[in-house]
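Q: Structure below; questions to follow.
The values are calculated or read from the model by the stated rules, or taken from the named source; none is laboratory data. As the structure is a computational prediction, the values presented were derived from the model and not from experiment. All Cβ positions, even for glycine, are placed from backbone atoms using ideal geometry, and neighbour counts span all protein chains on display.
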Amino acid sequence: MTLNPYRLRLLSQLDALGTVRAVAQAANLSPSSVSQQLAVLEAETRTQLLERTGRRVRLTSAGLILARRARSLLDQMDAVEAELRDLSGEPSGRVRLGGFQSAIHTLAVPALQALRHPHLQVELVELEPHASMPALLAGEVDVIITTTDFVELPVPRDVDVVPLGADPVLLLSPPDQPKNDLAACADEPWAFDVPGSYMANLATRLCRQAGFEPRVVGRFSNYMLTLEHVEAGLAVAVLPALAVDRRFHVHTKELPVTRRITAAARRGSRAATTVVLDALHARSQAGDR
């Protein structure tokens, strides 16, 4: 049995995207061409990989196994190809970059816009700071942008860390009702991040240290919604400076808390990963966030 990498990639995309039409759009093919290629793959493997449910197709148990094993094989092939290109001094292949929301907006996207390597692809993944290091160590991502606050977490020996700067934590209040002290917000309504998130835990801790339990009236995983809520006079909030978009009219007061922003990658990573780390560091040094 000879497996064709091109057809395996289409099967893997079907598992990820869900429909033949979505695979066709991603691969710049017609749906009929995708279906034909998958039919050839079934013939090559002598196994039923797809089954129809109405107008749609879905993967059989065998199809799921092959699609997910194929993803691993294709990743290895991409890595080998990237290593060969690296030997010629040309960074290439796919680099998976994980980071928290405000870092993606202010650090990752501008850094990637500055990259000029035609064979380098960077996939962005939103990751909470507490989840990023485990994802890096498990090989789910290649580079992370992360942070710690009060507790210095141990960094594994086989991980290289690149400092990206400090990010002060701010108290946000409506522009016509400015607050300059956490204790003064004990009776105010609060906007929080979703339960269990880094910022929700940090805000809860700060409020309790100030002597009160916050009365939460809104929870948003999107910082823009939090800023909109504060601007409208509906709540106060705590956000890192990186997350505060200047287009929103809110009063800010810096708190005596600063988080350290770092990028990290596994030691001995290929050249493409180093290029992404260098781009993040260059962006952090630009000073125009």
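Q: Which residue, of Ala210, Ala237, Ala263, is surrounded by 15 or more Cβ atoms within 10 Å (Cβ to Cβ), aliphatic (A, V, I, L, M) and closer than 17 Å to Thr146 by Cα?
A: Of Ala210, Ala237, Ala263, the one residue that is surrounded by 15 or more Cβ atoms within 10 Å (Cβ to Cβ), aliphatic (A, V, I, L, M) and closer than 17 Å to Thr146 by Cα is Ala263.
Q: Can you name every residue in segment 179-196 that is out of contact with any Ser or Thr (no Cβ under 7 Å at 6 or more places or on another chain) and either small (Gly, Ala, Ser) or not in a helix (DSSP H, G or I) (or both)?
A: Asn180, Asp181, Ala183, Ala184, Ala186, Asp187, Glu188, Pro189, Trp190, Phe192, Pro195, Gly196 - these are the residues of segment 179-196 that are out of contact with any Ser or Thr (no Cβ under 7 Å at 6 or more places or on another chain) and either small (Gly, Ala, Ser) or not in a helix (DSSP H, G or I) (or both).
Q: Counting only residues that are surrounded by 15 or more Cβ atoms within 10 Å (Cβ to Cβ) and of a type in the set (Lys, Arg), how many does segment 165-207 have?
A: The qualifying residues number 1.
Q: Confirm whether Ser35 is polar (S, T, N, Q) and in contact with a helix residue (DSSP H, G or I) (Cβ under 8 Å, 6 or more places away or on another chain).
A: Taking the combined requirement at face value, the residue satisfies it.
Q: Could you tell me whether Thr262 is among the polar types (S, T, N, Q), assigned by TED's automatic domain parsing to the domain that holds Asp187, closer than 24 Å to Ala183 by Cβ and not in a loop (DSSP other than H, G, I, E, B)?
A: Details: among the polar types (S, T, N, Q): yes; assigned by TED's automatic domain parsing to the domain that holds Asp187: yes; closer than 24 Å to Ala183 by Cβ: no; not in a loop (DSSP other than H, G, I, E, B): yes.
No, not satisfied.
Q: Pick from segment 213-229 the residues that are of a type in the set (Ser, Thr, Tyr) and part of a helix (DSSP H, G or I): which of them is surrounded by the fewest Cβ atoms within 10 Å (Cβ to Cβ)?
A: Tyr223
Q: Pull out all pairs, ordered by first then second residue, where Cβ-Cβ is under 7 Å, the residues are six or more apart or on different chains, the first lies in segment 67-81 and is over 16 Å from Thr2 (Cα atoms) and touching a residue at least 60 places away in the same chain (Cβ under 8 Å), and the second is surrounded by 14 or more Cβ atoms within 10 Å (Cβ to Cβ) and small (Gly, Ala, Ser).
A: Going by the 7 Å Cβ cut-off, the qualifying pairs are Ala79/Gly93.
Q: While we're on this one: Of all residues in segment 38-80, count the ones that are out of contact with any helix residue (DSSP H, G or I) (no Cβ under 7 Å at 6 or more places or on another chain) and part of a strand (DSSP E or B).
A: Result for segment 38-80: 5.
Q: Output the number of the condition that Ile144 fails; it satisfies all remaining conditions of (1) at pLDDT below 85; (2) at negative phi.
A: Condition (1) is where Ile144 drops out.
Q: If you don't mind, another one. Which of (1) over 30 Å from the mean Cα position of the chain (by Cα); (2) at pLDDT 85 or above does Thr53 not meet, given it meets every other one?
A: Unmet condition: (2).
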